[in-house]
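Below is one structure, written out as structure tokens, with a few remarks after it.
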Amino acid sequence: MFPANITRAEAAERSAQVSTHAYDVLIDLSGRVPDAGEFDPTATFVSTSTVRFTSVGGSTYVNLIADRLLVATLDGTPLDDEAFTDHKVHFTADAGEHELVITALCRYSRTGEGLHRFVDPVDDLVYCYTQLEPADSRRLFACFEQPDLKATFTLTVIAPEEWTVISNSPAVEPTSLGEGLARWEFAATPPVSTYITALIAGSFHVVTDTLTGKAAEIPLSLACRQSLVPFLDADRILATTKAGFAVFEEHFGMPYPFADYAQVFVPEFNAGAMENAGCVTIRDEYLYRSRVTNAAYETRDNTILHELAHMWFGDLVTMTWWDDLWLNESFAEWASHFCQAEIRAAGVAGDDPWATFTNERKNWAYRQDQLPSTHPVAADMVDLEAVELNFDGITYAKGASVLRQLVAFVGQDKFLAGVRTYFARHAWGNTQFSDLLGALTEASGRDLSNFAAEWLQTAGVNTLRAEFDTAEDGTFTAFAIRQTAPEQWPTLRQHRLAVGLYEEQDGRLVRVHRVEVDIAGELTEVPELVGRARPALVLLNDDDLTYAKIRLDDRSLATVVSGIHTLDNPLTRALCWGAAWDMCRDAELHPADFLTLALSGVGVETDLTAVQTVLGQVRTAIDQYAPRDTRAPLNDRFVTGLARLLKDAEPGSDHQLAFARSLISAARSDAVVQVLQAWLAGEEAPAGLAIDTDLRWHILTNLARVGVAGEAEIEAELDRDATARGAEKAAGARAARPSPEAKAEAWQRATADDTVANETHFQICSHFWQYDQDEVLRPYVQRYLDVAHAISEGRDGWADRSSAIRQHVLGQLFPRPLADRGTLQLMSMWLGGTRLSDSVLRQVNERVDDAERSLRCQEAAAQD
């Protein structure tokens, strides 16, 4: 176990012993603290935490990850020097009220955890921000690091006078301290958990606005780096934010719970965004410096609404322990899409958010739920290592799908009534799943215990198939839905779903009948469809009410392959895209047939998320699911189809950009390489296609992959784009090169250099393994196993490396392109003979399972 781990049992024991009241935290970023001794002000800072709490008496500890403990007192009495061990400050307290004061020398992060410090290469300005979930507040200040020990937080910051400093409470004017320094003193927060506290400090540009909320005027602000100010489209971001406030305050029945709302776009962020109370941090890649599709803006809008939903669900009411992480994330995932749908219903233009959810997020959930590491939505989080791995497709997208099924089961009005009761009853407190279930049961008047047991406390995904008989005239004489479950997760659930019948009319596929039914068990008869004519397409789970894999019968599949573009409803198309992809992943649809389907439909698909998702799936189908000897001709077919689609696309359109990016990724032949070289040189690009900064990097990285762009070309492009993002892209391009020297350098930076920042590290790891580089990459199969073993044992410095870095290595550096039957046999022998930690074993097993799926698909396709 890593020494910084925290177990659920330890947290429960401490919460029975300690109640926290208030934190006064002083963070000194001045770089001049005389009593701290020698230290590097660009690497470390000084933190003082004054904690007021009540104890029932006995020995306990606060959590602290720091280079050095400078001062520690309990009720004015110094603690022993030995009190600070294993990232904890131990002490013994009598029963009653106490005050603990701890000053420590803490370390800035370069991996996106704790207080991250970034120097922008464009202008050398400094930017600091915190990312504290799930348990990195202890990297910023000493604290009782667990979500159920809430307290008020009063933050004071000393920093350069010209900086902007933002926290969970409203902005304050600093007090000058002289010599270029100032002091910011923020008001106390309401009672919140440690992990949603926040500190933002640096040369940020800030835009302000206000919103008239249900109960008060709410100050709004946006902040970003100075070098990104030209890309801060404040009007759209604020419009989305204000629309979200209106929806949530109305439907949640409670005014926004904090005093202001800041959204800060920050560099080198590991996640999409983080719901710090009243002070959301968002990765600044969401400030688009190059042309992107509308899908990118819709995704950013959804992220903004997701974090806003957390202000109620997660920050106002917080889970007791991380077992109920899904209470936060599944709800925010559902709420953000619900909110987008409400905004669309009010007349704001945009894609159908539930179609987008089906096209992208549910695919994530289905994949995760079929891995050997699948778990119930309400997971068993025994410790932080388990928590860090369960920010996954089940916790987010499956949980949101289950909530959508619950809405269909009890009705939206009753569901929201239960949510309002939950917020009112538990405001500023901590809850468990049973608290939400009780509120929903009261509001709906239905016993939901069976629903919870089936959907939230068991793992795995069901598969649904239509079974029917027809008369000579083509009408159904019998119709039933068969439900199956994987052997290891055999739960057959109750589903509320719709069955849609679609027929060809005037060149379109039109729904001619729909029936909504409850199914349960292995086989459910649907007598409502008896006597109906068998249509061109029978679609189970029409309108996507439930969470299940669906199968298309032969006639329906043929209809979809030839005519998906004639379906007018984007959600219907999303279900068909998803069913076809799932059949491909299960070796029931040949990769060549999926390619045919994709090329026939993406050109007229209006949901750009679907376009981009399907094009990415084709890339996976060719590279991973097709037999090796068919990959080149399939890729040639794909390139030919993309060239046609690109030629026919409207100049300057989203479709044009999506097809161009996919064509660039498909480059294998000399002909395509020459086209890309011409584009990069500013020649022969399709009319309307902007060969801008990000597209140039995409082209260059793929030219590096095929060995026709080297260090000189990468350096020249970095000179054109001398930004942090440019340096990150350059690192990825270098790692993609097929030479032994390039691979050796990339491997060393990824696995042995602890100075590489997190986003740069991700770019290196994600571009290292490439198809058609077998010879140069083969030695790294064993090296992957060696580094995985070292991570498991905490050797070679891995005990102190961040979780994000470990996950990059274990996930992105798995040798997928070389995962043939011999390689998997080697890995099986290694897994059988090597003792691994649970977290490492899980991540390796997930990749092995993906590879086994690929081989099953290849073997099935080879027999066709």
(request) Report yes if F814 is of a type in the set (A, V, I, L, M, F, W, C) and open to solvent by 60 Å² or more (accessible area, probe 1.4 Å), otherwise no. (result) no
(request) Please go through the stretch 151-179 and pick out each residue that is within 30 Å of R8 (Cβ to Cβ) and either open to solvent by 20 Å² or more (accessible area, probe 1.4 Å) or in a strand (DSSP E or B) (or both). (result) A151, T152, F153, T154, L155, S167
(message) Step by step: first the residues of the stretch 208-231, then only those that are under 17 Å from A243 (Cβ atoms) and not β-branched (V, I, T), then the one that is surrounded by the most Cβ atoms within 10 Å (Cβ to Cβ). Which residue is that?
(response) L222
(request) Select, from L645, L597, L634, the only residue that is in contact with a helix residue (DSSP H, G or I) (Cβ under 8 Å, 6 or more places away or on another chain), within 20 Å of Q773 (Cα to Cα) and aliphatic (A, V, I, L, M). (result) L634
(message) Just checking: which of the helices (runs of 4 or more DSSP H) contained wholly in the stretch 792-864 hold 3 or more residues that are closer than 23 Å to A626 by Cα and either of a type in the set (A, V, I, L, M) or touching a strand residue (DSSP E or B) at 6+ places or on another chain (Cβ under 7 Å) (or both)?
(response) 821-833, 838-863
(request) Take the stretch 69-80 and flag every residue that is exposed (fewer than 15 other Cβ atoms within 10 Å of the Cβ) and under 41 Å from the mean Cα position of the chain (by Cα). (result) V71
(message) Pairs please, first residue from the stretch 747-768 and β-branched (V, I, T), second anywhere and open to solvent by less than 20 Å² (accessible area, probe 1.4 Å), Cβ atoms under 6 Å, 6+ apart in sequence or on different chains.
(response) T751/V787; T760/E728; T760/A731; I764/A731; I764/A735; I764/A746; I764/A750
(request) Please give the number of the condition E442 fails out of (1) open to solvent by 40 Å² or more (accessible area, probe 1.4 Å); (2) in contact with a helix residue (DSSP H, G or I) (Cβ under 8 Å, 6 or more places away or on another chain); (3) over 22 Å from W321 (Cα atoms); (4) modelled with pLDDT under 95. (result) (4)
(request) Test L220 against the criterion of being over 23 Å from A135 (Cα atoms) and modelled with pLDDT of 95 or more, and give yes or no. (result) yes
(message) Go through (1) modelled with pLDDT of 95 or more; (2) not in a strand (DSSP E or B) for A182 and report which single condition fails.
(response) (2)
(request) Restrict the check to the stretch 407-422 and report whether at least one residue is part of a helix (DSSP H, G or I), open to solvent by 10 Å² or more (accessible area, probe 1.4 Å), under 18 Å from A309 (Cβ atoms) and of a type in the set (A, V, I, L, M, F, W, C). (result) yes
(request) Check off (1) assigned to a strand (DSSP E or B); (2) within 30 Å of A9 (Cβ to Cβ) for Q146 and give me the number that stays unchecked. (result) (1)
(message) What's the number of the only condition in (1) open to solvent by 10 Å² or more (accessible area, probe 1.4 Å); (2) of a type in the set (V, I, T); (3) more than 26 Å from W322 (Cβ to Cβ) that T85 fails to meet?
(response) (3)
(request) Check off (1) crowded, with 23+ Cβ neighbours inside 10 Å; (2) within 30 Å of P651 (Cβ to Cβ) for F265 and give me the number that stays unchecked. (result) (2)
(request) Identify all residues within the stretch 272-287 that are open to solvent by 40 Å² or more (accessible area, probe 1.4 Å) and touching a residue at least 24 places away in the same chain (Cβ under 8 Å); write none if there are none. (result) E285
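Report yes if D324 is assigned to a helix (DSSP H, G or I), of a type outside the set (S, T, N, Q) and at pLDDT below 95, otherwise no.
The answer is yes for D324.
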(message) On the basis of being among the β-branched types (V, I, T), at pLDDT 95 or above, open to solvent by less than 20 Å² (accessible area, probe 1.4 Å) and within 20 Å of E133 (Cα to Cα), does V247 make the cut?
(response) no
(request) Say whether the condition of being at pLDDT below 95 and under 26 Å from the mean Cα position of the chain (by Cα) is met by at least one residue in the stretch 821-838. (result) yes
(request) Would you mention how many residues in the stretch 234-258 are of a type in the set (D, E, K, R), over 22 Å from S169 (Cβ atoms) and over 23 Å from the mean Cα position of the chain (by Cα)? (result) 2
(message) Quick check on the stretch 312-321. Is at least one of its residues of a type in the set (F, W, Y), open to solvent by 10 Å² or more (accessible area, probe 1.4 Å), touching a residue at least 60 places away in the same chain (Cβ under 8 Å) and within 21 Å of Q807 (Cα to Cα)?
(response) no
(request) With the checklist (1) touching an Asp or Glu at 6+ places or on another chain (Cβ under 8 Å); (2) outside any strand (DSSP E or B); (3) open to solvent by 10 Å² or more (accessible area, probe 1.4 Å); (4) within 30 Å of F91 (Cβ to Cβ) in hand, flag the one item Y195 doesn't pass. (result) (3)
(request) Would you please list the contacts, defined by Cβ atoms under 8 Å and residues six or more apart or on different chains, that run from a residue in the stretch 829-845 that is of a type in the set (A, V, I, L, M) to a residue that is part of a loop (DSSP other than H, G, I, E, B) and surrounded by 15 or more Cβ atoms within 10 Å (Cβ to Cβ)? (result) V844/F814; V844/L836
(message) Quick check on my filter: what residues within the stretch 352-365 are out of contact with any His (no Cβ under 9 Å at 6 or more places or on another chain) and open to solvent by 30 Å² or more (accessible area, probe 1.4 Å)?
(response) D352, E360, N363, W364
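Could you list all residues from the stretch 630-649 that are charged (D, E, K, R) and open to solvent by 90 Å² or more (accessible area, probe 1.4 Å)?
If we filter the stretch 630-649 for residues that are charged (D, E, K, R), which is where we start, we get 631, 636-637, 644, 647-648.
If the condition is that a residue be charged (D, E, K, R) and open to solvent by 90 Å² or more (accessible area, probe 1.4 Å), then R637, R644, K647, D648 are the ones that fit.
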(request) Mind counting the residues in the stretch 446-472 that are open to solvent by 50 Å² or more (accessible area, probe 1.4 Å), over 30 Å from R8 (Cα atoms) and free of Cβ contacts under 8 Å to residues at least 12 places away in the same chain? (result) 2
(request) May I ask you to verify whether R107 is surrounded by 15 or more Cβ atoms within 10 Å (Cβ to Cβ), closer than 27 Å to D754 by Cβ and within 33 Å of the chain's Cα centre (by Cα)? (result) yes
(request) Being crowded, with 20+ Cβ neighbours inside 10 Å and in contact (Cβ under 8 Å) with a residue 24 or more places away in the chain narrows it down to one of A95, A66, A43, so name that one. (result) A66
(message) Any residue in the stretch 201-224 that is closer than 23 Å to V266 by Cα sitting within a Cβ distance under 9 Å of a residue that is among the hydroxyl-bearing types (S, T, Y) and not in a strand (DSSP E or B)? List the pairs, counting only those 6 or more apart or interchain.
(response) D209/T241; I218/Y256; L220/T241; L222/T241
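The values are calculated or read from the model by the stated rules, or taken from the named source; none is laboratory data. These numbers were taken from a predicted model, which means no experiment stands behind them. So basically every Cβ, Gly included, is an ideal-geometry build from the backbone, and we count neighbours across all protein chains shown. The protein model used for the area step is the full one, side chains on, heavy atoms only, and it has no ligands, DNA or RNA in it. Shrake-Rupley method; radii C 1.70, N 1.55, O 1.52, S 1.80 Å.
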